[in-house]
1. Using alpha-carbon positions, what is the distance between the centroids of the stretch 234-311 and the stretch 1-35, in Å?
2. Using +1 at the Cβ of each Lys and Arg and -1 at the Cβ of each Asp and Glu in the stretch 40-278, identify which of P189, G155, Y225 lies farthest towards the dipole's positive end.
3. When N is the residue count of the chain, what does its C-alpha Rg come to as a fraction of 2.2 N^0.38 Å?
4. Residue farthest toward the positive end of the dipole of the chain, with Cβ of Lys/Arg at +1 and Asp/Glu at -1: which of M14, N105, L124?
5. Please give the contour-minus-distance gain from R210 to I237: 0.36 nm per residue of separation, less the Cα-Cα distance, rounded to one decimal in nm.
6. For the chain, give the share of DSSP beta bridges that are antiparallel, in percent and rounded to the nearest 5; count only bridges with both residues there.
7. Using only Cα atoms and rounding to the nearest 10 degrees, what angle (0 to 90) does helix 253-266 make with the longest principal axis of the chain?
8. With axes computed from alpha carbons, what is the tilt in degrees of helix 89-103 against the longest principal axis of the chain, rounded to the nearest 10 within 0 to 90?
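Each value in this text was obtained by applying a stated rule to the coordinates, not by laboratory testing. As the structure is a prediction and not an experimental result, all values here were calculated from the model. All Cβ positions, glycine included, derive from the backbone under ideal geometry; neighbour counts span all protein chains shown.
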Amino acid sequence: MKCRKCGGKASVNMRQHKLALCKEHYLEWIPEQTERFIKKYHMFARDERILVAVSGGKDSLSLWDILARLGYQADGLYLGLGIDGGIGYSHESQRLSQKFADENNLKLHVVDIEGEYGHSIPVLSEISHRGHGKPCAVCGLAKRHEMNRIARDLGYDVLATGHNLDDEAAVLFGNTLNWSAEYLLRQGPVLPASDGFARKVKPLCRFYEREMTAYALARGIEYIYDECPFAEGSQQIFYKEALNQLESARPGAKLTFYLKFLEARKSGELFVEKNIEHARLHACPNCGQPTSAPGLCSFCRMVEKAKVETE
Ligand code: SF4
Ligand code: ZN
């Protein structure tokens, strides 16, 4: 495989884009594409202040790295959830987030949930009895609340998260299986600010997870490999695996699923009942069935053609 730009040895091959690139050109391509998505979906402007939610994982650290490389004013926010899971998950993810910030001269805000509210996420979850054992319901609620609070309190224009295409496609898949109209209508690369909620954007939403892994590795970003210990066995992971099977049989299926959804949402076709156009139909002069164009209907044309060709 050769790099499309320089003909050198390709190190990343993206079947779904029919594009192979060497490391150097891959590291240029990712920010170029990100910039294109930022503009296309009107995420933010050069003079706006961005708060990046950083978890210590590859996606959020890569997002921060890309925005900084593109020259945007992006600060980080790390939320200390107090999750240990036998691997010191929160401790290690905070350490790596801080290390990245220090090495790149970037500003990281750290908010510790226990310090702020007296209990870690797992303890809050036990006390509140939400979510049947797993702290994810409480964790999601706390993360949304705190990210929004800090973005507003510190005067940021927009809140950016590192969700990639695999994340977005999995959420979309779940919402579609349940036909959750309200969630479907709110899902997208940008959620505009409203009633005290900061604008939220997902600049990586069109990159496959493996593309972000390749970027983080090529950039030498040190990130936490472990997922949160509570993520295991989640619905989200199950949906991701199902979509991966689909993707391996049909490269690009995930991207098409997501992009076609965005198109349908934008055009207002989602959940709008339309009267199927029955106007201006004609009768086929051969069979009499309705057809949109004057002359023979499609079926009769096909049969005609077959006749001519086999004569
Ligand atoms: Fe929070 Fe995600 Fe861990 Fe659940 S899996 S506890 S939502 S970080
Ligand atoms: Zn190249």
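1. Between the Cα centres of the stretch 234-311 and the stretch 1-35 lies a distance of 33 Å.
2. Of the listed residues, the answer is P189.
3. Details: Rg = 24.4 Å, N = 311, 2.2 N^0.38 = 19.5 Å.
With N residues counted in the chain, Rg over 2.2 N^0.38 Å equals 1.25.
4. Toward the positive end, the furthest listed residue is M14.
5. Details: separation 27, 0.36 × 27 = 9.72 nm, distance 1.51 nm.
Length difference between fully extended and current span is 8.2 nm.
6. Numbers: 9 of 26 bridges.
Of those bridges, close to 35 percent are antiparallel.
7. 80 degrees
8. Once rounded, one gets 90 degrees.
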